[in-house]
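Colleague: Submitted below is the structure of interest, expressed as structure tokens.
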Amino acid sequence: MKSFGSVVPLRETGGFPHSSRRSRTSPSDRRGMTRVIELQVNGTTYRVDVDEEISLLSVLRDHLDLTGAKYGCGEGQCGACTVLIGGLPRRSCITQVGVVGDKPITTIEGLSPGGGLHPLQRAFLDADALQCGYCTSGMILTAAALLETTPHPTEREIAHFMEGNICRCGTYLRIIAAIRQAAKMLKEARS
């Protein structure tokens, strides 16, 4: 299966992510674990009462009702769960919430704080770079990190940076076109 690139999580938990619904520890094992964690998500500070070993994806979806990041493979290999942590793309399914610390987290819901579409979201729609849409939020957030560091990427740079984000529908060429279009839109907005 063709894909783009890899993103290193803050800390791998191995296997399936810990979830509040499927905890691997018994209540007696949890006595020493941190229970209240403060997270900065999309510019808002949240306090959540969870084990620090639970996956960030589970906290976002099950506790904060931010469902843009998707559970795909559960092993950090497909990119559907990608969020930005401190501006860097990370796989939230294998990132333990306790290791995030005070780093700001951006999900697809917070990419465009003004409420409108971010240029990447607009470009993905215009280029018809999605079919089922399952991978789209991870693709867009990974591309946002790329455009932040490389405002005018070549096709090769885009393909390399996006490696590891899998689109099961195979819209890779349209995804690359969308990212290039978004780069142009962002350049025009800065001018």
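Colleague: Filter the range 151-177 down to residues that are in contact with a Lys or Arg (Cβ under 8 Å, 6 or more places away or on another chain) and outside any loop (DSSP other than H, G, I, E, B) and give me whichever is farthest from Y134 (Cα to Cα).
Modeller: That would be E155.
Per-residue answers, yes or no, for (1) closer than 24 Å to T67 by Cα; (2) in contact (Cβ under 8 Å) with a residue 24 or more places away in the chain; (3) touching a Gly at 6+ places or on another chain (Cβ under 8 Å); (4) outside the structural domain of T82 (by TED's automatic domain parsing):
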position: A129; (1), (2), (3), (4): yes, yes, no, yes
position: C132; (1), (2), (3), (4): yes, yes, no, yes
position: C135; (1), (2), (3), (4): yes, yes, yes, yes
position: C167; (1), (2), (3), (4): yes, yes, no, yes
position: Q181; (1), (2), (3), (4): no, yes, no, yes
position: L186; (1), (2), (3), (4): no, yes, no, yes
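Colleague: Identify, from the list L56, L64, L39, the residue that is within 25 Å of M162 (Cα to Cα), at pLDDT 60 or above and assigned by TED's automatic domain parsing to the domain that holds G98.
Modeller: When all the criteria are applied, what remains is L56.
Colleague: Among the residues of the range 94-103, is there at least one that is more than 16 Å from the chain's Cα centre (by Cα) and part of a loop (DSSP other than H, G, I, E, B)?
Modeller: Within the range 94-103, one or more residues are more than 16 Å from the chain's Cα centre (by Cα) and part of a loop (DSSP other than H, G, I, E, B).
Colleague: Is one or more of the residues making up the range 61-81 assigned to a helix (DSSP H, G or I) and either β-branched (V, I, T) or in contact with a strand residue (DSSP E or B) (Cβ under 7 Å, 6 or more places away or on another chain) (or both)?
Modeller: So far as the range 61-81 goes, yes, one or more of its residues are assigned to a helix (DSSP H, G or I) and either β-branched (V, I, T) or in contact with a strand residue (DSSP E or B) (Cβ under 7 Å, 6 or more places away or on another chain) (or both).
Colleague: Right, next: Please tell me if R156 is free of Cβ contacts under 8 Å to residues at least 24 places away in the same chain and among the basic types (K, R).
Modeller: So R156 passes the test.
Colleague: Scanning for something within 22 Å of R35 (Cα to Cα), among the basic types (K, R) and in contact (Cβ under 8 Å) with a residue 12 or more places away in the chain, does the range 59-80 turn up at least one residue?
Modeller: no
The values are calculated or read from the model by the stated rules, or taken from the named source; none is laboratory data. All of these numbers come straight from a predicted model, not from anything done at the bench. Reconstructed Cβ throughout: ideal geometry from the backbone, glycine too, with neighbour counts over all protein chains shown.
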